[in-house]
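The structure appears right after this line, and notes come after that.
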Amino acid sequence: MSADAPGLASVDHELGDEAPLPRDNGELVFEEPWQGRALGMGVVALERTGASWSGFRRHLAAAIAAHKPDPDESEATAYYASWLDALEALLAECGLLGQPQ
């Protein structure tokens with residue numbers, strides 16, 4: 001991230017209570033490498049596109065509500081899968097992707 005990119009405290013603040021980052025004992029939860037990459041990709045995409053965190057938060061809350069987790073899926077996996085769905089929806093809304101199918 002660049003020097004003026006938001007830190008994790010800022011990301012937490014921007015996501016608010018609607019879609020907070022998954023934590024365990026105050027520490028971020030990443031069970032798989034792709035989860036951390038998804039977080040970083042989202043932060044960079046918002047920074048580079050100039051998209052708003054409020055717009056992303058709206059998509060993330062909707063994606064979390066719509067996600068139907070597999071019974072064997074952990075909460076962190078469900079969250080980051082929703083994160084990627086929200087990122088795709090936001091980028092499509094910005095005209096940077098075709099509409100999700």
Counting other beta carbons within 10 Å of each residue's own, what order do Trp34, Trp83, Trp53 fall into, fewest first?
Trp34, Trp53, Trp83
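Give me the percent relative contact order of segment 50-93, please, defined on Cα pairs under 8 angstrom at least 6 residues apart. Intermediate results must be reported in sequence, preceding the final value.
On the way: 25 pairs, mean separation 23.1, N = 44.
Contact order relative to length: 53 percent.
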Long-range tail of P(r) for segment 50-93 (Cα pairs > 16 Å, %):
32
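For n ≥ 4 DSSP H runs only, could you compute -39500 (n - 2.57) per run for the chain, divide by its residues and tell me the 222 nm figure to the nearest 500? The partial results should precede the final answer.
Values: 4 runs with 58 residues, N = 101.
Counting only the DSSP helices, I get -18500 deg cm²/dmol.
For Arg58, Arg23, which order do you get if you count the other beta carbons within 10 Å of each Cβ and list the fewest first?
Numbers: Arg58 17, Arg23 11.
With the sparsest Cβ surroundings first, the list reads Arg23, Arg58.
Can you tell me how the chain classifies by the Cα gyration tensor, rounded, prolate or oblate, using a/c under 1.5 as the rounded cut? Intermediate values should be presented prior to the final figure.
Numbers: a/c = 1.65, a/b = 1.11, b/c = 1.49.
Oblate, since a/c reaches 1.5 and b/c is not below a/b.
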With an 8 Å cut-off on Cα pairs and a minimum separation of 6 or more residues, tell me the relative contact order of the chain in percent.
28
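Every read-out reported here was derived from the displayed coordinates using simple, explicitly stated rules and does not represent laboratory data. No experiment lies behind these values; they were computed from the predicted model shown. Here Cβ is always computed from backbone atoms with ideal geometry, including for glycine, and neighbour counts include all displayed protein chains.
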